[in-house]
Amino acid sequence: MSDLSFTLADPLKEANEPSSAVARFGPETPLLMDCGVVLEHWQIAYQTYGALNESRSNAVLVCHALTGDQHVASRNPITGKGGWWTAMIGPGKPIDTERFFVICANVIGGCTGTTGPASTNPETGKPWGLSFPMVTIRDMVRAQRHLIDSLGIDSLFCAAGGSMGGMQVLQWAASYPERVFCALPLATGAKHSAQNIAFHEVGRQAVMADPDWRGGRYLEEGTRPSKGLSVARMGAHITYLSEPALHRKFGRRLQDREAPTFSFDADFQVESYLRHQGVSFVERFDANSYLYVTRAMDYFDLAADHDGVLAKAFAGTKTRFCVASFTSDWLFPTADSRAIVHALNAAGASVSFVELESDKGHDAFLLEEPNLFATTRGFLGAAARARGI
């Protein structure tokens, strides 16, 4: 039964005044960004679940993927839908909020309350738009570190996340190894492949080709590049699924008709599905944020930051790792995870690895996957005992 008393939030308002908790920082805590810009006034929106224990040793930072947000295990105020990882996080679930204090923050460059291109630039009083500095995965992690500091947490029990979230997990382990007891990077890679960069570029060009994008100034001019962003989402969504999953779900079945219309209408169910995904996405996500966050993923190359040797990124680490991939994930195939594991082995790190059998594609890490749940529960349980939680 729907909750008729729930009022959906205005996404434009959420960009500056989120419904969730928010930590605001001033010149005393500037955000130093890889592009050389210093943000002196910035904020990071976040949600927490569970309770921080007396020794502050049970914090789990969950890092979200490209189009995720801080509402990992609670209702999204813009869409009214449940959190994006409620299958994994909650009381008695693999990331058990009766045992762990879970934190999830919107990334820098995002659009649900953390400073990004849809936020108001305090110097101009207008949306940042394309004047917002370019963002990297390391910038996202730096911002999260400030948040963790503000919460009085010296060391995370775990950093966990899939896809772009997994990139942040790896960056946390490389940048602040003494502050991460264990790490759970899922369905991810230590760099973005040429194929992945290519898909992102198609999406960005779709956004920028929309006449309502207005050179990135659409918020000032009262338009929205909905068609371009929708097409970008449709293309990207295909990469999150596998061919068997698409075939099982849709096959060549027609949408509410007995025969083709001999037109460009959505004759097939899969076409209707993708159009729905595109329209739904536009309602909750900012187009410029999509440009910035996809670019951050493209720039990510952890080995390049360490003389081209990935193992150097983890030299001397005492962090425990569990790396997981999925057999049908062609966006971040198992070879990407094996490269991470080989580097961790070369660095002498404690690492376990599992390739999970699934035909659900890249998005399998977000879905009901009993073997992933068992892996997560087992890894976190053993690490928690070692930490005395």
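The values are calculated or read from the model by the stated rules, or taken from the named source; none is laboratory data. Computed from a predicted structure; not experimentally measured. For neighbour counting, all protein chains shown are included, and Cβ atoms are generated from backbone atoms with ideal geometry for every residue, glycine included. Each accessible area value is taken on the protein alone, full model and side chains, heavy atoms only, with ligands, DNA and RNA left out. Shrake-Rupley method; radii C 1.70, N 1.55, O 1.52, S 1.80 Å.
Table for the structure above
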quantity: Residues satisfying the stated conditions in the stretch 21-36, i.e. out of contact with any helix residue (DSSP H, G or I) (no Cβ under 9 Å at 6 or more places or on another chain) and surrounded by 14 or more Cβ atoms within 10 Å (Cβ to Cβ); calculated: 21, 22, 30
quantity: Cβ pairs under 9 Å, 6+ apart, first in the stretch 228-239 and more than 13 Å from residue 207 (Cα to Cα), second open to solvent by less than 10 Å² (accessible area, probe 1.4 Å) and of a type outside the set (A, V, I, L, M); calculated: 237/278; 237/281; 239/196; 239/361; 239/362
quantity: In the stretch 305-325, residue nearest to residue 372 (Cα to Cα) [restricted to those that are over 22 Å from the mean Cα position of the chain (by Cα) and open to solvent by 70 Å² or more (accessible area, probe 1.4 Å)]; calculated: 318
quantity: In the stretch 69-90, the residues that are more than 18 Å from residue 110 (Cα to Cα) and without any contact (Cβ under 8 Å) to a residue 24 or more places away in the chain; calculated: 81, 82, 86
quantity: In the stretch 146-168, residue most open to solvent (accessible area, probe 1.4 Å) [restricted to those that are hydroxyl-bearing (Ser, Thr, Tyr) and outside any helix (DSSP H, G or I)]; calculated: 155
quantity: Residue pairs meeting the criteria (Cβ under 6 Å; at least 6 apart or on separate chains; first more than 19 Å from residue 178 (Cβ to Cβ), in the stretch 340-359; second open to solvent by 40 Å² or more (accessible area, probe 1.4 Å) and assigned to a helix (DSSP H, G or I)); calculated: 356/371; 359/244
quantity: Lone qualifier among 146, 41 - being in contact (Cβ under 8 Å) with a residue 60 or more places away in the chain and more than 27 Å from residue 173 (Cβ to Cβ); calculated: 41
quantity: Matching residues, the stretch 52-69, being under 19 Å from residue 280 (Cβ atoms) and in contact with a strand residue (DSSP E or B) (Cβ under 9 Å, 6 or more places away or on another chain); calculated: 64, 65, 68, 69
quantity: The listed residue being over 25 Å from residue 324 (Cβ atoms) and at pLDDT 95 or above, out of 124, 136; calculated: 124
quantity: Pairs with Cβ under 6 Å, 6+ apart, first in the stretch 240-260 and on the phi > 0 side of the Ramachandran plot and open to solvent by 50 Å² or more (accessible area, probe 1.4 Å), second part of a loop (DSSP other than H, G, I, E, B) and of a type outside the set (Phe, Trp, Tyr); calculated: none
quantity: First in the stretch 174-192 and over 20 Å from residue 366 (Cα atoms), second anywhere and of a type in the set (Asp, Glu) and surrounded by 24 or more Cβ atoms within 10 Å (Cβ to Cβ), Cβ under 9 Å, 6 or more apart; calculated: none
quantity: Exclusive hit being open to solvent by 30 Å² or more (accessible area, probe 1.4 Å), touching a helix residue (DSSP H, G or I) at 6+ places or on another chain (Cβ under 6 Å) and of a type in the set (S, T, N, Q), set 112, 79; calculated: 79
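Residue-wise test of (1) among the aliphatic types (A, V, I, L, M); (2) open to solvent by less than 60 Å² (accessible area, probe 1.4 Å).
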| site | (1), (2) |
| --- | --- |
| 8 | yes, no |
| 19 | no, no |
| 39 | yes, yes |
| 45 | yes, yes |
| 56 | no, no |
| 69 | no, yes |
| 107 | yes, yes |
